[in-house]
């Protein structure tokens, strides 16, 4: 059976993934990179589900409100609702406390890549309208979600790290 030839795009993606994640011997560079990237993809799904579940009820509840208030609430409430389970997941990683902050960093990087990529992919005939639509639907909600999650996960990480250091200090001074 003949082997299907990979497209140039697939070869470029494979090359980028090899450079970022694998050494020259084919071993993972860092498990933190791989795990946090996978966790960032899971966070994207969590945020998409939170927006999908909450936008309709929020739209109905705020139908008489101003457009500005509706937009602010529709961007922030699902972002906060998505951040809660994602940041709470940081308590599941006892040994790798920095996994969730690293995943949110990946989320910010993925969002920035998506926003910049859309600059080149949007049809040039009505660029301003289509790019604003993309930013309204995907860019701004993901940016708000990534920013809220990054701040929250950093706060949780630093508090947990400080508590661990204090526990270790307490045990090291015992006789």
Quick one: 150, 125, 136, fewest Cβ neighbours within 10 Å first, how do they rank? 125, 136, 150
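Quick check on the exposure proxy: order 93, 104 from fewest to most C-beta atoms within 10 angstrom.
Details: 93 14, 104 28.
Lowest to highest Cβ neighbour count: 93, 104.
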I need 95, 74, 5 ordered by Cβ neighbour count within 10 Å, fewest first. 95, 5, 74
Give me the extension gain from residue 67 to residue 92: residue separation times 0.36 nm, minus the current Cα-Cα distance, reported in nm with one decimal. 5.1 nm
At 0.36 nm per residue, and after removing the present C-alpha to C-alpha distance, how many nm does the segment from residue 8 to residue 158 gain when stretched out fully? 49.7 nm
Whole percent per 10 Å bin, from 0 to the bin with the longest distance: what is P(r) over all C-alpha pairs of region 30-172? 11, 34, 30, 17, 6, 2, 0
Tell me the label-point distance for the pair residue 171, residue 41, using the 7 Å Cα-to-Cβ offset, in nm and rounded to one decimal. 3.6
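Any read-out appearing in this document is the output of simple, stated calculations on the displayed coordinates, not a laboratory observation. Note that the structure is predicted; figures quoted are calculated from it, not measured. Here the Cβ is made from the backbone with ideal geometry for all residues, glycine too, and neighbour counts use every protein chain on show.
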